[in-house]
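Novice: This structure is in structure tokens; I'll ask about it shortly.
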């Protein structure tokens, strides 16, 4: 069983990629990793995180085999998008991640999960720029990692499922070399509660959230900047229950005051250093509230 059309329904099945030699031996300058990157700690961090996923009740699958020397392949969210009827293979906008979707293709084939299409030609798209607002609505951010062609191809692939797609331009913020996904600015933490970086969020997206009766939880902007956007990268394992990094205490406090249950882990030498948070470390395969 597979299918995802929610960011907060109970996470039943999820795929991860253990850190391999491509990450452990990565050149930080080449991959745009910060000085806090510590390859001696990444395996332990990842194991701790996976244990938290298992403790939440999720069944964890590993993407094994050739990682095509792509250090960022540990961030399994980006190279494919799961839908109710199967996966879409994305086309990463970060040049060094080209071809990463083939790792996902092999995984889906092995587990008999259908692939309903792929992003091709001059289109680029990363799933970090997508967000399920509800079962019939997908939001896509247009930025340096996802272009208009990619958005149009995703729309076309989702048309047979009667899924509405809204797209919004993302801010330049720190520039093309930095990773700024739509999910850098917003995480859904409950069925109708959204943690957001309000100063950078598109006005149209705020209006869409309000139209759908979402409670807006504003993340402290100083902590957002200090964390390299990762304070807002929060993974819901079920409605109102989340996992986040332990290095954003102000944001943690805001969430708990909003009646969100949060568990934390120390992951900065991997997550903040490599520009990918707890959500990025997962590829949800099945989310259902049953």
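Novice: Identify, please: which residue in region 93-123 is under 24 Å from residue 50 (Cα atoms) and part of a loop (DSSP other than H, G, I, E, B) and is, among those, farthest from the chain's Cα centre (by Cα)?
Specialist: Keep residues of region 93-123 that are under 24 Å from residue 50 (Cα atoms), which gives 97, 100-113.
Right, trim to part of a loop (DSSP other than H, G, I, E, B) and you get 100, 111-113.
Working: 100: 15, 111: 21, 112: 23, 113: 20 Å.
Per the criteria, the residue is 112.
Novice: Can you name every residue in region 1-19 that is more than 30 Å from residue 158 (Cβ to Cβ) and surrounded by 19 or more Cβ atoms within 10 Å (Cβ to Cβ)?
Specialist: Filtering region 1-19 for residues more than 30 Å from residue 158 (Cβ to Cβ) gives 18-19.
Correct list: 19 only.
Novice: Restricting to region 236-267, count the residues that are touching a strand residue (DSSP E or B) at 6+ places or on another chain (Cβ under 7 Å), part of a loop (DSSP other than H, G, I, E, B) and surrounded by fewer than 22 Cβ atoms within 10 Å (Cβ to Cβ).
Specialist: Looking only at that region, the number is 5.
Novice: Return the residues of region 48-72 that are in contact with a helix residue (DSSP H, G or I) (Cβ under 6 Å, 6 or more places away or on another chain) and part of a helix (DSSP H, G or I); say none if nothing qualifies.
Specialist: 71, 72
Novice: Which of the residues that make up region 140-169 are in a loop (DSSP other than H, G, I, E, B), under 16 Å from residue 127 (Cβ atoms) and out of contact with any strand residue (DSSP E or B) (no Cβ under 6 Å at 6 or more places or on another chain)? Walk me through how you get there before you give the answer.
Specialist: Let us first name the residues in region 140-169 that are in a loop (DSSP other than H, G, I, E, B), namely 143-147, 162-163.
Going one step further and asking which of them are under 16 Å from residue 127 (Cβ atoms), we end up with 143-147, 163.
Matches in region 140-169: 143, 144, 145, 147.
Novice: Please verify whether region 160-167 includes one or more residues that are surrounded by 14 or more Cβ atoms within 10 Å (Cβ to Cβ) and under 19 Å from residue 70 (Cβ atoms).
Specialist: no
Novice: Moving to a separate point now. Determine the pairs where a residue that is at negative phi and modelled with pLDDT of 95 or more, located within region 146-161, has a partner that is buried (at least 16 other Cβ atoms within 10 Å of the Cβ) and assigned to a helix (DSSP H, G or I) with Cβ atoms under 6 Å apart, the partner being 6 or more residues away or on another chain.
Specialist: Listed pairs, sorted by first residue: 146/129.
The values are calculated or read from the model by the stated rules, or taken from the named source; none is laboratory data. Keep in mind the model is a prediction, meaning the values are calculated, not measured. Cβ atoms come from the backbone with ideal geometry, glycine included; neighbour counts cover every protein chain shown.
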